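Chemist: Sending over a structure as structure tokens; questions will come in a sec.
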Amino acid sequence: MKQDIRKLTPAQLKDWLVQHGEQGFRAKQIHEWLWKKSALSFDQMTNLSLPMRELLNNHFEIRPLNVATQQRSSDGTIKSSFRLFDGNLVEGVLIPALRNDDPDRMTACVSSQVGCSLTCKFCATGYMDRKRNLDAAEIYDQVVAIDRQAKENYGTSLSNIVYMGMGEPLLNYKNVMESVKLITSPEGLGMSPKRITVSTAGIAKMIKQLGDDQVKFNLALSLHAANDQKRDQIMPINESNTLEALGDALNYFYKKTGTRVTFEYILFYNFNDTLQDAKELWAFTKRVPAKVNIIEYNPIAEANFKNTDPQTLDKFAGFLESKGVTVNVRRSRGKDIDAACGQLAGKQ
Ligand code: SF4
């Protein structure tokens, strides 16, 4: 079986070339074809000699990520199902700006795992098994594919990337970090890390690791309840990563990086939408400099949660604002094609 060439570091590729009688500087050219130019075959590498392309072809493969299906929402959101080299499917979403809502924003939401091992009760992916982690190239390729869609459909490149698709990014730490490195490196897509947000369900140990690694990207915590008893009910990961532990970890992250975190909070009807819940959330925001994104819920067939009503939402957000908390209310996008937060499940 041929080796996946994109699993080699530039240094390893250079060594391999030298061992096979080629000049080491070719590694840089090949690296550029593989990442910056997203070549799909060695034949495209026209600045390499034919024998060299043949040599590479005999030993290596470039694993493709193909768009299996694509659906367009009435609000302009485009959801893609991507087929990986082994037949598994993951989903990614292109979210263009709403008319008056930051017109230059063009966001890609990408997956980090096939399925998910966490079992958040409100999330369609949480009802699938985790099959495997994505490697860095598979995450990178989603960004490239969605960027292409942005250019084709909206004439502009991506402005933001969120790791909020299928999977828990911090349980695929090494590959997620590697993918961010590729997306931000001048040899890759050259995007600013400030345009990237990694969203976690809350793995305290790995949040501290992000702090130790002094990452430059943004971190979001899917909070959804600021009381352990309620959070346990909807996010079983909370039993081993309590709010106390998460608060400590986020504080550590903030001290190491200086980056304000974002709390994602879905307002579920009659579950976490009371004034008491808002007070608990306010208390939790005092643990670490943070802003709050209130997200509209998208019902899924597997669960019984409902979105709260607009008046309750206004009251909840108003209370937080009156306490000086920065609150953004995020309207859901792509609901009609199951592309909204929590709805990605590889349905075709
Ligand atoms: S919300 Fe995220 S962490 Fe939770 S089950 Fe869904 S994909 Fe996994």
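Chemist: Just the number, please: percent antiparallel of the DSSP beta bridges in the chain, rounded to the nearest 5.
Modeler: Roughly 45 percent of the beta bridges in the chain run antiparallel, per DSSP.
Chemist: If only Cα atoms are counted, what is the Rg of segment 76-178, and what is its Dmax, in Å?
Modeler: For segment 76-178, the Cα radius of gyration and maximum Cα-Cα distance read 13.8, 41 Å.
Chemist: Could you calculate the FRET efficiency of Asn227 with Leu40 from 1/(1 + (r/R0)^6), where r is the beta carbon distance between them and R0 is 41 Å, rounded to 0.05?
Modeler: 0.25
Chemist: Could I ask something else about it? Please sort by residue number the trypsin sites (Lys or Arg not before Pro) in segment 224-300 whose DSSP state is loop and whose Cβ has at most 16 other Cβ atoms within 10 Å.
Modeler: Of the trypsin sites (Lys or Arg not before Pro), the ones in loops of segment 224-300 whose Cβ has at most 16 other Cβ atoms within 10 Å are Arg260, Lys286.
Chemist: How big is the chain along each principal axis, measuring the range of its Cα positions in Å and listing the largest first?
Modeler: Extents along the principal axes: 70, 42, 36 Å.
Chemist: Let a ≥ b ≥ c be the square roots of the eigenvalues of the Cα gyration tensor of segment 3-61; is it rounded (a/c under 1.5), or, if not, prolate (a/b larger than b/c) or oblate?
Modeler: It is rounded, given that a/c, with a ≥ b ≥ c, falls under 1.5.
Chemist: Beyond 22 Å, what percent of the Cα pairs of segment 1-101 remain?
Modeler: Tail of P(r) above 22 Å: 44 percent of Cα pairs.
Chemist: Once you've got the GNM for the chain with C-alpha springs shorter than 10 Å, pick whichever of Gln71, Gln29, Gln214 has the biggest mean-square fluctuation.
Modeler: The residue that fluctuates most here is Gln29.
Chemist: Calculate the dipole size of segment 3-61 relative to its Cα centre from +1 charges on Lys and Arg beta carbons and -1 charges on Asp and Glu beta carbons; express the result in debye to the nearest 20.
Modeler: Its charge dipole is roughly 240 debye.
Chemist: Along the positive direction of the dipole of the chain (beta-carbon charges: Lys, Arg +1; Asp, Glu -1; about the Cα centre), which of Ile161, Leu189, Asn304 reaches farthest?
Modeler: About the Cα centre, the residue reaching furthest to the positive side is Leu189.
Chemist: In nm, to one decimal, how far is the modelled label at Val18 from the one at Lys255, with both set 7 Å along Cα→Cβ?
Modeler: Using points 7 Å along Cα→Cβ, the separation is 4.4 nm.
Chemist: Highest GNM mean-square fluctuation, the chain, Cα pairs closer than 10 Å: which of Glu178, Glu168, Glu264?
Modeler: Looking only at Glu178, Glu168, Glu264, the biggest GNM fluctuation is shown by Glu178.
Chemist: Mind checking the full-extension length gain between Lys306 and Arg148? Use 0.36 nm per residue of separation minus the Cα-Cα distance, one decimal, nm.
Modeler: 53.4 nm
Chemist: For the chain, set up a Gaussian network in which alpha carbons nearer than 10 Å are linked by springs, and say which option among Gln233, Gln19, Gln209 fluctuates the most.
Modeler: Comparing Gln233, Gln19, Gln209 in a Gaussian network model of the chain, the most mobile one is Gln19.
Every number here is computed from the coordinates shown, using simple stated rules; none is lab data. Predicted, not measured: the structure shown is a model, and the values here were computed from it. Methodologically, a virtual Cβ is constructed for each residue, glycine included, from the backbone with ideal geometry; neighbour enumeration extends over all protein chains shown.
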